[in-house]
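Any read-out appearing in this document is the output of simple, stated calculations on the displayed coordinates, not a laboratory observation. Keep in mind it's a predicted model, so treat the numbers as computed, not measured. Here Cβ is always computed from backbone atoms with ideal geometry, including for glycine, and neighbour counts include all displayed protein chains.
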Amino acid sequence: MSDAPSTHNSGQNSGDNVPVFSVSEVSGLVKSTVEGAFGHVRIRGEISGFKRAASGHLYFTLKDDAAVIDGVCWRTTAGRLALNPEDGMEIIATGRITTYPGRSKYQIVVEQIELAGEGALLKLLEDRKRKLAAEGLFDEDRKRALPYLPAVIGVVTSPTGAVIRDILHRLADRFPRRVLVWPVLVQGEGAAEQVAAAIRGFNALGGESAAPRPDLLIVARGGGSLEDLWAFNEEAVVRAAAESDIPLISAVGHETDWTLIDLASDRRAPTPTAAAEMAVPVRYEVMAQVADCEGRLIRAVRRHVDARTREVAALARGLPNLRRTVESASQRLDDWSERLGNALKAGIRQRRQRLPSRIAPPRRALDMAARRLDVAGRDLARTYADDLSGRRKSLAHLGQLLESYSYERVLDRGFALLTTPKGVAVTSVQALSAGDDVNIRLKDGVAAARIAGGAAQVRKPKSGKPAPDDDPQGSLL
């Protein structure tokens with residue numbers, strides 16, 4: 001063997017030229033041999049003993065009816081896997097065979113995982129369906145009614161496919177609405193995460209965001225195989241659809257295709273075009289319906305008015321004639337007026353006949369009334385005189401008090417009142433300028449004067465003492 005190590009045990013039996021290897025050397029030779037022969041393999045088997053280590057690496061065993069092989073998937077690769085491995089899942093693992101010298105084991109380092117055939121996919125799909133149904137994500141009482149005419153429609157789909165064109169074209173034909181498109185992958189690695197993020201992103205719009213929050217969501221893609229539609233069977237997508245506060249229509253695949261998002265959505269459409277038809281009514285049908293309702297309302301109002309008119313006419317026929325009623329009442333009034341006049345005359349005659357015997361002679365009554373009036377007049381005059389005297393005293397006292405407060409009394413003590421020619425009192429030198437005419441009022445008259453200097457020429461006292469020419473008394477007014 002050309003690549004055999006040169007070191008070996010010299011204490012071998014006579015005639016035996018087989019070299020002696022160390023354990024590490026044998027392990028290295030086996031490792032290089034295995035990796036050279038199985039650098040890229042695809043192995044089909046059932047996952048058993050699946051474990052995710054704290055480091056993020058995945059460890060499991062692939063088995064069939066006759067053998068098992070260990071599998072490992074490093075953390076950097078595990079994040080890119082198209083599906084999440086589970087115990088009992090039949091898969092096809094793509095990778096390379098290597099050995100683990102620490103335990104003398106061989107294993108496959110997995111680089112890609114895919115389900116082994118449609119049967120395995122259907123089994124996984126059925127298991128996931130039962131799990132999510134047990135959590136209540138598919139319950140009918142969770143589903144909400146779609147808005148009759150949404151103002152804004154959010155669409156989660158691929159921006160380059162025919163699906164978005166079909167939806168926009170159908171909406172334009174039926175009832176044009178504003179459409180917001182959230183572009184996503186609808187197939188392959190990362191598609192499920194993007195679809196779930198788009199549904200949650202539409203729900204988070206509103207408030208201070210520039211885009212309006214949609215009134216309805218459509219999640220759509222065209223038809224394909226079970227593997228092509230698998231992203232819409234992932235738990236992340238199903239949970240996002242079930243948690244959506246915005247009513248959601250799922251339109252994934254063709255009429256015969258179904259995915260788990262169809263069970264979690266509020267309404268399933270067989271095709272993307274059908275989803276657009278569910279989203280909005282036909283504009284002309286709405287207009288016709290409005291016109292029909294308008295006509296029915298007008299006819300109903302007319303029928304109501306006609307019925308009430310007939311009722312009023314029937315009631316009017318049962319009422320008495322107003323003219324005849326008024327004529328009869330007028331005649332009775334004339335009769336009662338005549339009878340009242342006759343009764344008053346008869347009553348006055350009777351009162352006059354009984355009056356002389358009950359009334360005292362007029363002269364005596366007049367004398368008595370005159371005496372009473374005289375007494376009352378004297379009492380009133382005395383009361384008035386007393387009140388007038390008191391008011392005069394009060395008025396005199398107030399006049400004396402007012403006189404003591406008059407500024408003229410201040411003038412009597414040697415002060416003067418300075419006014420403008422219009423009679424406005426001057427209270428500050430700041431209001432005067434050189435050449436202004438003023439009037440000086442003293443106790444015995446008014447003298448005219450003219451200001452020789454302005455306010456700037458008025459001398460100010462120094463150190464709090466008045467100037468020789470200043471009045472130490474100050475101004476009282």
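Tabulated data for the structure shown
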item: Helical contribution to [θ] at 222 nm, DSSP H n ≥ 4, -39,500 (n - 2.57), averaged over the chain, rounded to 500; result: -15000 deg cm²/dmol
item: Once exposed loop GluC sites (Glu not before Pro) are cut out (DSSP; at most 15 other Cβ, 10 Å), longest piece of the chain; result: 256-477
item: Among ALA133, ALA204, ALA191 the positive-end extreme of the charge dipole of the chain (Cβ point charges); result: ALA204
item: Span per principal axis, largest first, for the Cα atoms of the range 277-388 (Å); result: 113, 55, 15
item: Exposure rule at most 14 other beta-carbon atoms within 10 Å, DSSP loop chymotrypsin sites (Phe, Trp or Tyr not before Pro): the chain longest free segment; result: 149-477
item: Efficiency of FRET between ASP87 and ASP245 - r from beta-carbon atoms, R0 45 angstrom, step 0.05; result: 0.80
item: Ellipsoid equivalent to the range 183-279 - semi-axes via the Cα gyration tensor, in Å; result: 21, 15, 11
item: More than 17 angstrom apart: percent of Cα pairs within the range 77-134; result: 51
item: Placed amide H near THR271: partners under 5 Å, 5+ positions off or other chain; result: none
item: Prolate/oblate/rounded label for the chain (Cα gyration tensor, a/c 1.5); result: oblate
item: FRET efficiency for ASN342 and ASP367, using Cβ-Cβ distance with R0 set to 45 Å, rounded to 0.05; result: 0.70
